[in-house]
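Okay, structure first, notes after.
The values are calculated or read from the model by the stated rules, or taken from the named source; none is laboratory data. Values in this document were obtained by computation on a predicted structure and should not be read as measured data. Note that we place each Cβ from the backbone using ideal geometry, even for glycine, and neighbour counts take in every protein chain shown.
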Amino acid sequence: MHKIKSRTRCSSSKDHPFDVVFGFDMETDIGSFTPFYEGVKHGTPRILKLMKKYGISATFFWTGHAAENNPGMVRQVCRAGHETGCHGLYHETLGTPIFPLPNNWPILPSEVEGRLRESTRIVREVSGVRPVSFRCPRLWGSTHVLNVLEKLGYVADASFPLYFFRKPFVPYHPSAKDWTRPGRMRIVEIPNFCDLTMKSNDPYQRDRDQWPVYRTQSAQFLMKKADSFIKYVQVHGKRPVLCFYLHPWEFHPMPQGTLDFGESSVKPLPFITKNCGSEAVKQLDRVCAMLKDRGGRFVMAKELAAEVV
């Protein structure tokens, strides 16, 4: 397993017991369930205010479509000093699905490179910054996606769903033949943390995951998972990295119940939109405070990747 070397331009990792990467997936409201951007428009400013309050630099992963349709917000995020990453062209399945979703077929492998090139181009043109950090929608990555990202010059990928694979549990250079194993690729894979010690009652291990319990349960509930993960990693002699995945639509009230779209209706399960808006802001505020109190060091995805040797 690869080690993380200390940085010089920010505080040394020796001064902090663990690292934190806040990743915000900039996409349509409620993921793929609507075509709207109310969350990007109204939730993003609330995120920026919270990040400024705690002096946190985060990574914002933009879909090409979100960036193209919200150029002012893209530039506002850039001006605030945050990293501009990429999240694909649309909120689409680029890699291997973990659990079934209706009418959500994965992009053909032959289409992946073209779509990633186009989304990278759009994000770069809108922001003025070439994205070097990536995250697959729903964390559904694959070996093929990683090889394309490497080809396109990305240095970090924060797609790894640790709740499903369970290892590796610290950032690593993946294998070009199997993205779930350490290897010799230049790109760094950053696992999204989960509770590795609990007994799971879900066939896909989703109850181990971090999302979206900070707002459906509480900040304290999430931090119990985080504390469990930190202890687990430290016991194994490694440095913990808490990589979060969040969305701007969580910080703006979302419609509840059935969503009608002409020929069809969609009804997300209640937990998907529960407590979106002010309650989510309040609970994430508490998460930030607790992470600071525990001595966490906040870094952007590209910064963390530069430390993995």
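Hey, can you tell me all the residues within region 204-259 that are under 16 Å from the mean Cα position of the chain (by Cα) and either assigned to a loop (DSSP other than H, G, I, E, B) or at pLDDT below 95 (or both)? Matches in region 204-259: Gln210, Trp211, Pro212, His247.
If you go through region 229-254 and pick out every residue that is closer than 21 Å to Tyr37 by Cβ and free of Cβ contacts under 8 Å to residues at least 60 places away in the same chain, you end up with 1. Of everything listed in (1) closer than 24 Å to Met198 by Cα; (2) not in a helix (DSSP H, G or I), the single unmet condition for Phe164 is (2).
Restricting attention to region 12-57 and to residues that are free of Cβ contacts under 8 Å to residues at least 40 places away in the same chain and not in a helix (DSSP H, G or I), the residue that is surrounded by the most Cβ atoms within 10 Å (Cβ to Cβ) turns out to be Tyr37.
Every condition in (1) touching a helix residue (DSSP H, G or I) at 6+ places or on another chain (Cβ under 9 Å); (2) closer than 21 Å to Arg206 by Cβ is met by Leu152 except one, and the failing one is (2).
Mind listing just one residue for me: the one in region 179-191 that is charged (D, E, K, R) and out of contact with any Ser or Thr (no Cβ under 6 Å at 6 or more places or on another chain) and, of those, surrounded by the most Cβ atoms within 10 Å (Cβ to Cβ)? Checked region 179-191; the qualifying residue surrounded by the most Cβ atoms within 10 Å (Cβ to Cβ) is Glu189. Of everything in region 57-104 that is modelled with pLDDT of 95 or more and among the charged types (D, E, K, R), the residue that is farthest from Ile30 (Cα to Cα) is Arg79. Give me the residue from region 181-193 that is touching a residue at least 24 places away in the same chain (Cβ under 8 Å) and in a loop (DSSP other than H, G, I, E, B) and, out of that set, farthest from Val308 (Cα to Cα). Among them, the one singled out is Phe193. Of all residues assigned to region 106-118, at least one qualifies as being outside any strand (DSSP E or B), of a type in the set (D, E, K, R), in contact (Cβ under 8 Å) with a residue 40 or more places away in the chain and surrounded by 13 or more Cβ atoms within 10 Å (Cβ to Cβ).
Return the residue satisfying two criteria in turn: it lies in region 58-102 and is of a type in the set (S, T, N, Q) and crowded, with 22+ Cβ neighbours inside 10 Å, and of such residues it is nearest to the chain's Cα centre (by Cα). The qualifying residue nearest to the chain's Cα centre (by Cα) is Thr59. Within region 179-194, the presence of at least one residue that is among the polar types (S, T, N, Q), within 23 Å of Thr273 (Cα to Cα) and within 18 Å of the chain's Cα centre (by Cα) is confirmed. Looking across region 210-245, the residues that are of a type in the set (A, V, I, L, M) and closer than 21 Å to Phe164 by Cβ come down to Val213, Leu222, Ala226, Ile230, Val233, Val241, Leu242.
The residues of region 253-280 that are of a type in the set (A, V, I, L, M) and crowded, with 20+ Cβ neighbours inside 10 Å, listed by number, are Met254, Ala280. Figure legend. Inter-residue proximity from region 74-101: first residues under 20 Å from Ile56 (Cβ atoms), second residues crowded, with 21+ Cβ neighbours inside 10 Å and of a type in the set (D, E, K, R), beta-carbon distance below 7 Å, spacing 6+ or different chains. Indicated pairs: Gly85/Arg135; His87/Asp25; His87/Glu27; His87/Arg135.
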